[in-house]
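Taking it in order: structure first as structure tokens, then the write-up.
The values are calculated or read from the model by the stated rules, or taken from the named source; none is laboratory data. Since this is a predicted model, take the numbers as computed values, not measurements. Cβ: placed from backbone, ideal geometry, glycine included. Neighbour counts: every protein chain shown.
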Amino acid sequence: MHKLPAVLLAAALAASLTGCSLTNDDDDGGDARKVVLVTHDSFAARKELLDEFKRETGITIDVRKVGDAGALTNQLVLTKDSPIGDLAYGIDTTFASRALDEDVFAEYRSPEAGEGPQRYAIDDTGRLTAVDVGDVCVNIDPAALAIRGLPEPTTYADLTKQEYRDMLVVEDPATSSPGLAFLLGTIAALGEDGWREYWMALKGNGMQVVSGWEEAYTQQFSGSSGKGPRPIVVSYASSPSAEIGDDGKPRTKAMLDTCFRQVEYAGVLSGAAHADDARKVLDFLLSEKFQAEVPDQMYVYPAREGVQLPEAWQQAAPLPEKSASLPPAEVAKNRERWIDEWRGLVQG
């Protein structure tokens with residue numbers, strides 16, 4: 001799951017502390033149309049945009065946040081016979097197969113899906129539709145490396161070299177979405193025969209493991225506002241766009257040969273009380289208006305084609321052209337085994 005800049009995190013937290021709704025429905029009567037959108041904690045959208053949708057359609061979007069992508073998936077599976085909402089957003093590549101296998105979502109092919117989201121379709125049922133893309137990549141602090149007289153690493157293999165000892169911080173794949181994505185990226189790149197040896201090499205080279213992105217990026221990474229001690233971190237391809245210096249140039253850089261593609265999906269829940277209106281909300285999430293705000297609001301890339309990225313992104317954080325991926329069914333089948341094996345190697 002992606003992370004927001006501090007100001008956006010504060011706004012999202014404020015929304016969650018006031019009932020987890022990003023719309024103002026104080027004036028709604030008892031017969032008002034409302035769609036409950038169940039999502040992860042990083043969902044953010046301008047209230048003005050949601051209010052505009054309400055004026056145009058008569059539908060209030062009631063946002064309910066339930067944790068990260070894993071917690072969201074678990075909640076939807078556990079409540080599938082009595083769904084806690086009408087629509088869900090934030091199921092990512094690593095959990096999509098589980099949700100589909102559990103029949104959490106109903107079939108719906110949005111007319112907007114043909115504008116780009118179909119590129120990321122998991123199957124041909126239309127139960128999940130891509131809303132955004134958020135590639136997980138290793139990020140570096142070039143200035144901190146230059147002070148040490150070191151060249152910038154560019155590949156997985158570089159991170160195991162002695163000159164980068166004690167410089168890398170990663171997130172635990174058992175507790176962190178980007179941590180899991182980085183693990184999957186090494187498996188995709190190195191295969192079943194190579195990823196274990198690679199992680200042992202990282203461990204031997206002083207890799208630090210923390211529980212989540214917040215600690216890794218904002219506390220341990222030297223290129224963030226926290227100015228931590230480590231110049232190499234697992235983060236996102238979009239992260240450099242939040243680290244623009246006074247000269248207008250990014251202070252950090254993503255290692256594009258280490259990226260793993262994460263796609264986030266939305267779908268109408270099976271048994272939704274307001275299925276027809278939920279479909280309209282899904283269409284809205286794929287619309288040009290909503291997709292144009294995805295980068296600034298949630299620091300991910302729009303799934304819709306033809307949506308121009310903000311100027312800072314065009315310079316500092318273009319969408320990686322070659323990101324690794326694994327079939328969702330393969331991830332679903334092996335995820336727990338891979339995590340258990342990782343624990344044995346790195347934490348054992």
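Here are the numbers:
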{"item": "Failed item in (1) under 18 Å from the mean Cα position of the chain (by Cα); (2) in contact (Cβ under 8 Å) with a residue 12 or more places away in the chain, with PRO142 passing the rest", "result": "(1)"}
{"item": "Pick from region 184-233, criterion in a strand (DSSP E or B) and within 26 Å of GLU311 (Cβ to Cβ), ranking: nearest to the chain's Cα centre (by Cα)", "result": "VAL233"}
{"item": "Matching option when the condition is touching a helix residue (DSSP H, G or I) at 6+ places or on another chain (Cβ under 8 Å) and at pLDDT 90 or above, among GLU305, GLU330, GLU336", "result": "GLU305"}
{"item": "Filter result for ASP246 (of a type in the set (D, E, K, R) and without any contact (Cβ under 8 Å) to a residue 12 or more places away in the chain)", "result": "yes"}
{"item": "Residue match in region 171-186 (condition: farther than 30 Å from GLU293 by Cβ, surrounded by fewer than 15 Cβ atoms within 10 Å (Cβ to Cβ) and in the same structural domain as GLY212 (by TED's automatic domain parsing))", "result": "no"}
{"item": "Members of region 59-98 that are out of contact with any Pro (no Cβ under 8 Å at 6 or more places or on another chain), closer than 27 Å to GLU288 by Cβ and among the hydrophobic types (A, V, I, L, M, F, W, C)", "result": "ILE59, ILE61, VAL63, ALA69, LEU72, LEU87, ALA88, ILE91"}
{"item": "Qualifying residue in region 204-220 (condition: within 22 Å of THR57 (Cα to Cα) and charged (D, E, K, R))", "result": "no"}
{"item": "Matching residues, region 234-243, being buried (at least 24 other Cβ atoms within 10 Å of the Cβ) and assigned to a loop (DSSP other than H, G, I, E, B)", "result": "ALA237, SER238"}
{"item": "For GLN308: the one exception among (1) assigned to a helix (DSSP H, G or I); (2) free of Cβ contacts under 8 Å to residues at least 24 places away in the same chain; (3) not aromatic (Phe, Trp, Tyr)", "result": "(1)"}
{"item": "Top-ranked residue of region 76-102 - restricted to ones that are out of contact with any helix residue (DSSP H, G or I) (no Cβ under 7 Å at 6 or more places or on another chain) and crowded, with 19+ Cβ neighbours inside 10 Å, ranked as nearest to ARG33 (Cα to Cα)", "result": "GLY85"}
